[in-house]
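Structure record follows, encoded as structure tokens.
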Amino acid sequence: MIRKLFILSFYIFMTSALFAQRNSREYVTLNYVHLPGKLIYDEIKTYSYSVHYAGVRNPFTADEMIQKFAALTSYTVNNDNPDLRISYSMGVFSNTNLETVTGSETKEVNGKKEKYPVYSYRYTAQYPMTVTATSTKNGIVLFQNATGTKDANIYITTSSFKSMSELNKSWSGNSGRMISDAMAKQVTDFITGVNSVLKNSFDFYPVTERQTLFSLKRTDIANEFNGHVEKVIAILKNMTPDESVTIYKNKLKDEIAYFESLQDKFNKADKKEKVLYTSVNFNLAAVYYCIDDFDKAQQYLNRLSDVKEDESDKKLLTKNIKAWQGLLAKHLLDSRHLDYNPVTDFRLAGKDYKSDALSVAETAIKNMDTESATDLVVYSDGTEATGKVVFFEQTAEYKLALPEKPDEPTVLTPEKVT
């Protein structure tokens, strides 16, 4: 009898687990405009690329470098008088080392296994590279990235040979090509990575992202619920980076209303309903995230803060929401879907934004008001002026900015000022 009761209890438990509510992940591909981490387009509109080789080993010509790695797309190329000069500098080889590596291989002779020595070369060298983006307007280095100075970035191991003479012959005939190939790979990997950071820092460009939505299983509302999920995916996949999100808010109105009707229907404290509660509120957060209403998206995620379900998805969406809220605030935008180029069509004039292209001194002048412009300067001819005295680190000069002429600061020298 006890055995039968145990089997019956186990069967009931397994049946309950088998048919418990579950969810699964669906995905929608979003298309929008990448917003840069730095705001420099108030001052920077044009750029140029230049390549400088200090040594004779050049894996790419300057033209090949520019064609292969040039990154920025929302700025205009101007090689004669750019606002931003991006320079690639390649140094000479240093810390070169050719090391003989002795190993062994086994071969069978007359039914016996015998070991014999083999030789190879391990070649290492440092090939320094630096990428610098400098404003030609004020000399500020807006971006810089360089290879490490300690570890080798050219690393070659040859094939093994039975004798040193064979190894030296192979090295003599092939080392130039091997080093050149290794350099080309190192340059490509380094510059590709650097240009990705450069674009992320400064550029506007279309990107895609995959966002999770949850569908349901083993519940009586699964078919209806999943139908609305499919509709959301079908609508959002057609949204382009330059379309207004207002259009899609209207298209998603019925789907949002459906999910909102369920937001409080399920008990998050109930083990059987916790998945349903999470799926509904997460989908609402995800939909609002997709249409750039990040505050509303965060509100629905907050409803899940004490629910231990689908933690990785919630953490990722929370991280993305926070990042986009910061970027929209930085660029004074209300959407990441743009039908214009903010670089060439600048719309921040007269607004309170923080420029990353200005020096500390220039920022101080920009933020100057009558209350802060109280520095008194007495000139050698007896005249006086009141404004804000700032130090320009790039030129090692003190300048006086007047409230009525903030864009025309004058240099202060010992000859002019008493």
From the option list Ser215, Ser196, single residue qualifying as assigned by TED's automatic domain parsing to the domain that holds Asp310 and small (Gly, Ala, Ser) is Ser215
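Rundown of residues vs (1) at positive phi; (2) touching a residue at least 24 places away in the same chain (Cβ under 8 Å), yes/no style:
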| site | (1), (2) |
| --- | --- |
| Leu84 | no, yes |
| Tyr88 | no, yes |
| Gly103 | no, yes |
| Thr106 | no, no |
| Gly111 | yes, no |
| Tyr116 | no, yes |
| Gly139 | yes, yes |
| Lys162 | no, yes |
From the list Asp242, Asp264, which residue is within 17 Å of Leu301 (Cα to Cα) and out of contact with any helix residue (DSSP H, G or I) (no Cβ under 8 Å at 6 or more places or on another chain)? Asp264
Just a yes or no: is a residue in region 215-237 out of contact with any Phe, Trp or Tyr (no Cβ under 7 Å at 6 or more places or on another chain), aromatic (Phe, Trp, Tyr) and without any contact (Cβ under 8 Å) to a residue 60 or more places away in the chain? yes
Wholly enclosed strands (runs of 3 or more DSSP E) of region 84-163 bearing at least 2 residues modelled with pLDDT of 90 or more, of a type in the set (Phe, Trp, Tyr) and exposed (fewer than 13 other Cβ atoms within 10 Å of the Cβ): none
Could you please let me know if Met183 is touching a residue at least 60 places away in the same chain (Cβ under 8 Å) and either in the same structural domain as Arg85 (by TED's automatic domain parsing) or in a loop (DSSP other than H, G, I, E, B) (or both)? yes
What is the residue count in region 30-83 for residues that are part of a helix (DSSP H, G or I), within 16 Å of Val194 (Cα to Cα) and not β-branched (Val, Ile, Thr)? 4
Could you please give the count of residues in region 47-87 that are of a type in the set (Phe, Trp, Tyr), under 22 Å from the mean Cα position of the chain (by Cα) and under 18 Å from Thr130 (Cβ atoms)? 3
Residue tally, condition free of Cβ contacts under 8 Å to residues at least 24 places away in the same chain and exposed (fewer than 14 other Cβ atoms within 10 Å of the Cβ), over region 289-310: 3
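The values are calculated or read from the model by the stated rules, or taken from the named source; none is laboratory data. Note that this is a predicted model, so its numbers are computed, not measured. For neighbour counting, all protein chains shown are included, and Cβ atoms are generated from backbone atoms with ideal geometry for every residue, glycine included.
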